[in-house]
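The values are calculated or read from the model by the stated rules, or taken from the named source; none is laboratory data. Remember, it's a predicted structure, so these values are computed and weren't measured experimentally. Glycine gets a Cβ as well: all are built from the backbone with ideal geometry, and neighbour counts include every protein chain shown. Ligands, DNA and RNA are stripped out before the accessible areas are found, and what is left, the full protein with its side chains, is counted by its heavy atoms. Shrake-Rupley method; radii C 1.70, N 1.55, O 1.52, S 1.80 Å.
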Amino acid sequence: MAWSLRRKYLDLLDREEGWVKKIWGDHMTICLAYPNHYRAGMSNLGFQTIYRIINNHPSFLCERVFLPDPEDEESFSSGSLPLFSLESQKPLREFDVVAFSIPFENDYPNILKMLDMAGIPLTAADRTDADPLIVGGGFSASLNPEPLADFFDLFLLGEGEDLAPEYLEAVKSARTGGLTKRETLYRIQRHVKGAYCPQYYKVEYTQDGLIESFKPLDPTFPEKIKRRKMTGIDHFTTDQCLTTPDTEFGGIFLTEVSRGCGRGCRFCAAGFVGRPPRFRHGEILASSIHRGLAAGQKIGLLGTAVSDMPDLPRVCRSIISQGGKFSIGSLRLDRINKETAALLGQAVAETVALAPEAGSQRLRDVIHKGITEEHIFTAADALLAQGITNIRLYFMVGLPSETAEDVEALIDLVQKIKGHAVKSPAGKRTFRLITVSVNQFIPKAATPFQWCPLEDVNAVRKKMRRIVSALRREKAVKVIHDIPKWNYIQALLSLGDRRVGKILLAAHRHGGNWSQAMKAADEDPDFYVYRRKDLSEILPWDFIDYGVTKSFLMKEYEKASQGAIT
Ligand code: SF4
């Protein structure tokens, strides 16, 4: 079995372009881990960017590891075969550092699985100097690392381009100085902005279970840790350095065009922590786009506020003039006009994703979406006129203050859009399908809704059923939705403090059975998930300086309760 697995990894490398293999010698070694399968990890631009940054450093060697495919898990879980890296097939235990890139909370259980498969003790407290340093970064780990605090030696909070070079230099100088692991961590915590070693911070709780204090153990450590971000992104590109057909975006060359967003949708963590919005100019993107087109690929323009990018029409026109195609993840409805729709039509885009998020204007104002029905129909008209045949609509249910009327308004809006599409002269010729994607709203740290509870999953299940049954008879409308049960777990891992780590560990020990884990861990998960937090509370993530103040978020929270726009 070991042989066939090794062969499988070599085959993956054979189909890849851009991977790096350095000689193990004097290099400091980092295994970059993605807590999900190869296909998902290789679609993640942040993961690829860190791979490139580390391997560009002459003193470091970086290899990769992913969660093994389900059929291979057994081989690694038995203990006989330790989890190994893709490039050199070295066991993870032999690396100096294992660095997890963690974009989503749902992947947290996979981190424990992978450490276990690697034969590395799960908790930082159980590891010794002989074990690799376990480091975490990525979007969700930088938003609220606390549920993972027990398992990591160090978190690097913020954008990799800003933080990773400084971290690498700190590790290098610690190695040159012959420091122990503990001394290295101490030095990093003291000198690298954005570094967070949970073991150097003490949390105390009140009798009610609220956080009473969160303090550094050493007065030289910062009380607030800055989530790092680049001041501008227009002097470098962030694009795909590894290509393979074995990814979710096979055939697409990903290039990032923007970060952050100034629109202030009150549920959106990426918008708030990424502020201010930063865009790349067409000139900067030109070489990146050229590389993608030269490889015969479609260009995937990525970012948080792509449609707000001033240079977007010019960039799209340039791709089309070179005979290429492009795709854009999701467009703001109020940015779709005849010109944007025409560009999408020329790029032969068949599906365009739009996000009204809520059905009623009242609820769209509560979440500060900033769009009206007029925007929605104008956008639909413009797209249909350009021969866009499929429209995907994103909605959320369980939003703060949502009522049954809001759910009916969602159904009503979908029916109106569909009726509009069918009646439109252009629509008669070309329109095929509206896919309605309904997800439960999950409160996130660093947003005005961070004090809100998750809506009861049973209530959300009923709302989903209502939407599915009301739209079932609509021809050319398909509804897809997420599973409320998993949303509860995601909310727990998003909103939890470090005590939630006990539940996570119990879930791992019970083979992923969360009901048993919750009973075994002696922690009440509803405390984190279903409780509305008081504005005066210390929240588990208050020690992070995201660049947006808590008082601003509070004002937005209060405005949301009045349905007021900022
Ligand atoms: S427009 Fe999009 S990226 Fe910007 S805040 Fe709203 S949801 Fe987030």
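General remarks:
- Helix-only [θ]222 nm of the chain, DSSP H runs n ≥ 4, -39500 (n - 2.57) each, per residue, nearest 500: -11500 deg cm²/dmol
- Where labels lie 7 Å past Cα in the beta-carbon direction, separation of Glu74 and Phe236 in nm: 4.5 nm
- Accessible surface, per residue, of the chain when the full set of protein chains is kept, probe 1.4 Å, Å²: 41 Å²
- Cα Rg over Rh - region 2-226, Kirkwood: 0.96
- For region 466-566, a Kirkwood radius taken over Cα pairs fed into Stokes-Einstein (20 °C, viscosity 1.002 mPa s) yields D = 127 µm²/s.
- Think of the chain as having a plus end and a minus end, set by charges on the Cβ of Lys, Arg, Asp and Glu; of Gln516, Leu383, Leu163, Leu383 sits farthest toward the positive end of this dipole.
- Estimated FRET transfer efficiency (Ala295, Asp482; beta-carbon r; R0 51 Å; 0.05): 0.90
- Taking a ≥ b ≥ c as the square roots of the Cα gyration tensor eigenvalues, region 143-201 comes out oblate, since a/c reaches at least 1.5 and a/b does not exceed b/c.
- The percentage of C-alpha pairs in the chain whose separation is greater than 33 Å is 46%.
- In percent, rounded to a whole number, the relative contact order of region 255-313 is 45, using alpha-carbon pairs under 8 Å and six or more apart.
- Between Arg93 and Asp162, the contour length at 0.36 nm per residue exceeds the alpha carbon distance by 22.1 nm.
- Paramagnetic reach from Arg509 in region 115-157 [backbone N under 19 Å; point 7 Å along Cα→Cβ]: 115-127, 147-152
- Compared with the dominant principal axis of the Cα atoms in the chain, helix 282-294 is inclined by about 80°.
- Region 1-67-region 154-177 distance, computed between alpha-carbon centres (Å): 19 Å
- The phi-based Karplus calculation (6.51 cos²θ - 1.76 cosθ + 1.60; θ = phi - 60°) puts the 3J(HN,Hα) values of region 382-387 at 4, 5, 4, 4, 9, x Hz, whole numbers, x for Gly and Pro.
- Highest mean packing comes first when the peptides 9-15, 313-319 are listed by Cβ atoms within 10 Å, giving 313-319, 9-15.
- Pairs of Lys in region 440-566 closer than 19 Å at Cα, counting only those 8 or more apart or on different chains: 15
- Per-atom-type breakdown for the chain gives carbon and sulfur 53% of the accessible area (1.4 Å probe, protein chains only).
- Region 180-234-region 309-331 distance, computed between alpha-carbon centres (Å): 41 Å
- Close Lys-Lys pairs in region 2-226, where close means Cα under 14 Å and separation is 8 or more or interchain: 8
- FRET efficiency, 1/(1 + (r/R0)^6) with R0 45 Å, evaluated for Gln361 and Tyr205 via beta carbons: 0.60
- Isolated cysteines of the chain, defined as having no other cysteine beta carbon under 4.7 Å away, are Cys31, Cys62, Cys197, Cys241, Cys261, Cys316, Cys452.
- Length released on extending from Lys193 to Lys533, taking residue separation times 0.36 nm less the Cα-Cα span: 119.5 nm
- Under Karplus coefficients 6.51, -1.76 and 1.60, residue-wise ³J(HN,Hα) of region 214-221 in Hz, glycine/proline x: 9, 9, x, 6, 10, x, 7, 7
- Put a dot 7 Å past the Cα of Glu17, heading toward its Cβ, do the same for Val422, and the two dots end up 4.6 nm apart.
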